[in-house]
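The values are calculated or read from the model by the stated rules, or taken from the named source; none is laboratory data. Just so it is clear, the structure is predicted and the values come from calculations on it, not from any experiment. Cβ: placed from backbone, ideal geometry, glycine included. Neighbour counts: every protein chain shown. Ligands, DNA and RNA are excluded from the accessible area calculation, which covers all protein heavy atoms including side chains. Shrake-Rupley method; radii C 1.70, N 1.55, O 1.52, S 1.80 Å.
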Amino acid sequence: KLELPKTELITNERLELPQTVGEGTNAVDVEWSSDNEDVIKNDGTVTRPDGSGITEVKLTATLKKGNITAEKEFTLTVYNKGETITDKQAVVFAKENLSLPEIVLEGSTINLKTSAENGVSITWTSSDAIINAADGKVNNLTDTKPKSVTLTSAISKGTESTTKKFMITVRPTDAKLVDAAEASLTYPE
């Protein structure tokens, strides 16, 4: 289940390395080591090398639970500072790195990015007004049933463009569910 959010790095933005996998009593600790700490440190700090071309770095995750350990390796491609990123590459990277939550609460707000690295623009459309594509505001549901909404991102730079869709479930707040349950209770006379 352990995956990295991205494997191609085009900026010095810190790479978020998961520290655990699983939840509760099933959680497994993860420790990271890099074979080239000048480029990617064990904590995910990225320092792109000078010059053109790419640098490959191997990150090794050591998963630990009690006395048991396992390793998983990831090879990351770091674009050196002098390497030119084409509009097509910038759009592809933006698409790969764009993510949204699968479940949101009514009344919350989703962070809908309008730009990405290397001058990429992002615009949003929503299949239902319950999620406002302009500001990410999640409106209240009319009842207690969860609702599925598709948010579509249009990702572009120059003449290159693509789309990415996200299926999101809007669910009612716990307070709304409790109020509805209380209202539906009846007692015999």
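Tabulated values for the structure
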quantity	calculated
Residue in region 5-17 that is farther than 23 Å from residue 86 by Cα and either open to solvent by 90 Å² or more (accessible area, probe 1.4 Å) or part of a strand (DSSP E or B) (or both) present	yes
Out of 166, 93, sole residue that is open to solvent by less than 70 Å² (accessible area, probe 1.4 Å), at pLDDT 90 or above and within 18 Å of the chain's Cα centre (by Cα)	166
Residue tally, condition more than 21 Å from residue 160 (Cβ to Cβ) and either open to solvent by less than 60 Å² (accessible area, probe 1.4 Å) or assigned to a helix (DSSP H, G or I) (or both), over region 102-126	6
